[in-house]
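Undergrad: Sharing a structure below in structure tokens format, with a few things to ask.
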Amino acid sequence: MTIENPSREEIKDILKKAKRIAVVGLSANPDRTSYMVSEAMQNAGYEIIPVNPSVDEVLGVKAVKTLQEIDGHVDIVNVFRKSEHLLEVAKDTVTIKADVYWAQLGLENEEAYAYLQEHGIKTIMDRCIKVEHAMTK
């Protein structure tokens, strides 16, 4: 199955409606891309929820070990994990009934994409959420 991202207009609509972003693999290291991207999205007004079993807190927010530990609805699951882990995160995304699964720039997995499509989850892969946000303002 070929991975097909939503149009730029659809992405703009997704980002306009979204409020809560769970960031899987968010690092506490300010030099890491996941930190810089998440900080920019937090500064743009989004609620960032760090999902990383190795850290206690990132960007002033208490981290959770898994997506299932998050209270309340998640609009976007933003993934900073290697491509081979995308299917596992896709399954967790379906379990928590998040609206959108977003794999960061350089990350793709056709099996994860197919799984998400079967379960009706809007999916974006190989795109940077920070760049898309800046381009669709």
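Undergrad: For residues that are under 13 Å from the mean Cα position of the chain (by Cα) and either at pLDDT below 95 or of a type in the set (S, T, N, Q) (or both), tally how many sit in the range 9-32.
TA: 0
Undergrad: Taking the stated definitions as given, is residue 3 touching a helix residue (DSSP H, G or I) at 6+ places or on another chain (Cβ under 8 Å), under 16 Å from residue 134 (Cβ atoms) and touching a residue at least 40 places away in the same chain (Cβ under 8 Å)? Talk me through it step by step, then tell me what you get.
TA: On the way: touching a helix residue (DSSP H, G or I) at 6+ places or on another chain (Cβ under 8 Å): yes; under 16 Å from residue 134 (Cβ atoms): no; touching a residue at least 40 places away in the same chain (Cβ under 8 Å): yes.
So residue 3 fails the test.
The values are calculated or read from the model by the stated rules, or taken from the named source; none is laboratory data. Please read these numbers as outputs of a predicted model, since none were measured by experiment. We place every Cβ from the backbone using ideal geometry, glycine too, and count neighbours over all the protein chains shown.
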